[in-house]
Amino acid sequence: MKHNNRENMELSEVKQYLKKGDQSKIAKMANVSRSTVYHTLNGKFENSLVLKCAGTIAEERKKEMNTAISELRSELGGRI
């Protein structure tokens, strides 16, 4: 099931990139309770703003991870 977040990532992919504390950060960004974020990320509620905020955080983290992997590959001469 796709949701209308910024990059149209699958909700399951978005959840992969979220860390401890991100639900509180998303709640502040979206001006909702942490409970609303929890229920939205687990498919019980639909809140497009929560999904957009979560998608934004997930995309940023995904880019950071890909950059780190690329740097490691360069340092190791492409051996990973």
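The values are calculated or read from the model by the stated rules, or taken from the named source; none is laboratory data. Nothing here was measured: the structure is a model prediction, and the numbers come from that model. Cβ placement follows ideal geometry from the backbone for every residue including glycine, while neighbour counts extend to all protein chains displayed.
Applying the set (1) of a type outside the set (Asp, Glu); (2) assigned to a helix (DSSP H, G or I); (3) more than 13 Å from the chain's Cα centre (by Cα) to ILE57 leaves exactly one unmet item: (3). Residue count for the range 9-32 satisfying the condition of being assigned to a loop (DSSP other than H, G, I, E, B) and not β-branched (Val, Ile, Thr): 6.
Set side by side, the residues LYS19, LYS25 differ, and just one is loosely packed, with under 11 Cβ neighbours inside 10 Å, under 26 Å from MET65 (Cα atoms) and touching a residue at least 24 places away in the same chain (Cβ under 8 Å), which is LYS19. Out of GLU64, GLU71, one residue alone is more than 17 Å from LYS20 (Cα to Cα), out of contact with any Gly (no Cβ under 7 Å at 6 or more places or on another chain) and free of Cβ contacts under 8 Å to residues at least 12 places away in the same chain. It is GLU71.
Would the range 27-40 turn up any residue that is at pLDDT 95 or above and basic (Lys, Arg)?
For the range 27-40, residues at pLDDT 95 or above and basic (Lys, Arg): present.
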